[in-house]
Amino acid sequence: MSRRKRIVLCTFGVPDERDGASLVIIHNFIAPIRHADVDVLHVVLLDADPKSEEACDAYRAAAGNDHFQIVVARPAKLVTQGATSHRLNRAGTEDAHAAANAFQADLVIAFDILPAWFATTITAPRKLVWLGDLNFETTYYHGLYNLQEHPWQIVTFAKYWLAARNWRRVYADVLAQFDEVLVSAASSVKQIAGLGLSNHSYRPYPWPVNDAPVAPHAKPAVPTFMFFGNLVGLGSRSALHFMIAKAYPKLIRHWGPNGFRILIAGRGNIPSWFASAIADKPEFVQVGFVEDLPATLMACHGVLVPIDVPVGNRTRVLYAMSQGALVIAHRNVALGNPALVDDQTAALAGDGDAFVARMRRAFEDEAWARRIGEAGQRAYRENFHPDRAAGDFMARVTSHLVAPR
């Protein structure tokens, strides 16, 4: 009787059903693997946060069994970033590495670049990696926005630029050692090709939405829109700059002072520069964490996603689509998520004038907004619902397991 196929999984952090976008995505990728007829060794790389230890204990209690083993590595600091290169610190990971090699896996699956870097020295006939946002892109654009917000910090921008350059080298070296690279954003295909690689493709990732959609609400008499997210990431940083610099002046010109509302929702505090920028702009209303997000969304004329930075595939967009809300986004958002098509599944714009024109039509033409929102909802179900996207991923896993050794 032949032995069961064996898979080594590598993650940085503990997969979670609800907290942390990337960890939620990974949880849904791993779910069908846990129930497959395979033996799994999951190497979890942990940081020093005590909450990580608690999360790992809960994960082991929920997922661990004879066919799903969990090994934890606790490096003091996994990566050291330098001016000329970045270095992986393997101290504290030796036992996990030895266990992974002794497991004699048929396939190694790494989720994102740090676990992939760790997994380069694990021996297996096949290797697969899934990538979230690319570090060399996010680092570079954070540097640009930091320079925009603090023009005198040119030296700091140089540090961002060097760090991004060194991350490009890491990606090129690491990904060349994998048989297949799956990217979470369609825009990453071009970036990975620019590293001289051809072993990659875009696949929609599984994004669960536990909130049931609600029936369309009567809209307020005042044009009302929502912006929501974590408020501090690269996407929010880009969107908030766009709203203040490119959209707001045109909105005032059309609807006048206090003639519209933009609800700012999300956990945490808004950036200090944005708080200063809206201090004299009552049209921006901070609502914090929203308990009933579906009802609040559907009581707005649209969800604003003016992210002009051409990076990533945003989970906030997927949530809005899942609810049937009209997504009004910068066209660069569609570079990461090709399911967004202007006037079909979303309202897309490339500049401030066009963006405000989409907002105006959303307010004036409810039938148009509802048609696009419903089409966006179908696109979410067909591409990003866990049953569809995780199933597609599992098919890729199976193809590697049956490939000739």
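The values are calculated or read from the model by the stated rules, or taken from the named source; none is laboratory data. As the structure is a prediction and not an experimental result, all values here were calculated from the model. Don't worry about glycine lacking a Cβ; one is built from the backbone with ideal geometry, like all the others, and counts go over all protein chains shown. Heads up: the accessible areas ignore ligands, DNA and RNA and are worked out on the full protein's heavy atoms, side chains in. Shrake-Rupley method; radii C 1.70, N 1.55, O 1.52, S 1.80 Å.
Heavy atoms only, probe 1.4 angstrom, no DNA, RNA or ligands counted: give me Ser322, Ser272, Ser22 ranked by accessible area, highest first.
The residues order as Ser272, Ser22, Ser322, largest area first.
Could you work out the relative contact order of the chain, using alpha carbon pairs under 8 angstrom and six or more residues apart, expressed as a whole percent?
14 percent
For the stretch 1-85, what is Rg from Cα atoms divided by 2.2 N^0.38 Å, rounded to two decimals?
1.22
For the pairs Lys51/Lys127; Lys77/Lys159; Lys5/Lys77; Lys219/Lys281; Lys190/Lys250, note any where the Cα-Cα span goes beyond 25 Å.
Lys51/Lys127; Lys5/Lys77; Lys190/Lys250
Hull surface divided by four, with the convex hull built on the Cα atoms of the stretch 224-384: how many nm²?
Dividing the Cα hull surface by four gives the mean projection, 8.2 nm².
Taking 0.36 nm per residue of sequence separation and subtracting the Cα-Cα distance, how much length would be gained by fully extending the chain between Leu197 and Ile154, in nm to one decimal?
That works out to 12.2 nm of additional length.
At a threshold of 8 angstrom on Cα-Cα distance, excluding pairs fewer than six apart, so keeping six or more, what relative contact order does the stretch 224-384 reach in percent? Before the final figure, lay out each step's value.
Working: 274 pairs, mean separation 38.1, N = 161.
Computed value for the stretch 224-384: 24 percent relative contact order.
Which percent of the accessible area of the chain is formed by carbon and sulfur heavy atoms (probe 1.4 angstrom)?
51 percent
Over the chain, with a single point scatterer placed on each C-alpha, what log10 of the ratio I(q)/I(0) does the Debye formula yield at q = 0.07, 0.13 1/Å?
Values, matching the q order: -0.36, -1.14.
Of Lys246, Lys219, Lys281, which has the most accessible area with a 1.4 Å probe, and how do the rest follow in descending order?
The ranking, largest first, comes out as Lys246, Lys219, Lys281.
Nearest 10 degrees, 0 to 90: what angle lies between the long axis of helix 154-175 and the longest principal axis of the chain (Cα atoms)?
Between the helix axis and the principal axis of the chain, the angle is about 40 degrees.
Which part of the stretch 336-364 falls in the paramagnetic zone of Val290, meaning amide N under 17 Å from the point 7 Å along Cα-to-beta-carbon?
Hits in the stretch 336-364 for Val290 at 17 Å: 347, 359, 362-363.
On the full set of protein chains, 1.4 Å probe, figure out the accessible area of Thr398 and give it in Å² to the nearest 10.
60 Å²
In percent, what relative contact order does the stretch 252-309 have, based on Cα pairs under 8 Å that are 6 or more apart in sequence?
36 percent
Please report the accessible area of His400 (heavy atoms, 1.4 Å probe, ligands and nucleic acids excluded) in Å², nearest 10.
The accessible area comes out at roughly 10 Å².
Whole number in Å², please: accessible area per residue of the stretch 1-84, 1.4 Å probe, ligands, DNA and RNA not counted.
53 Å²
What is the Cα centroid distance between the stretch 118-183 and the stretch 62-86, reported in whole angstrom?
Here the two parts' Cα centres lie 18 Å apart.
Calculate I(q)/I(0) for the stretch 317-405 by the Debye formula, one identical point scatterer on each C-alpha and no solvent, and give its log10 at q = 0.24 Å⁻¹ to two decimals.
-1.11
How far apart, in nanometres, would the label points at Arg90 and Val214 be if each is projected 7 angstrom from Cα along the Cα-to-Cβ direction?
Label at Arg90, label at Val214, 5.4 nm between them.
Just the number please: accessible area per residue for the stretch 224-384, 1.4 Å probe, all protein chains included, in Å².
Counting only protein heavy atoms, the per-residue value for the stretch 224-384 is 38 Å².
Ordering Trp255, Trp130 by accessible area with a probe of 1.4 Å, largest first, what comes out?
Trp255, Trp130
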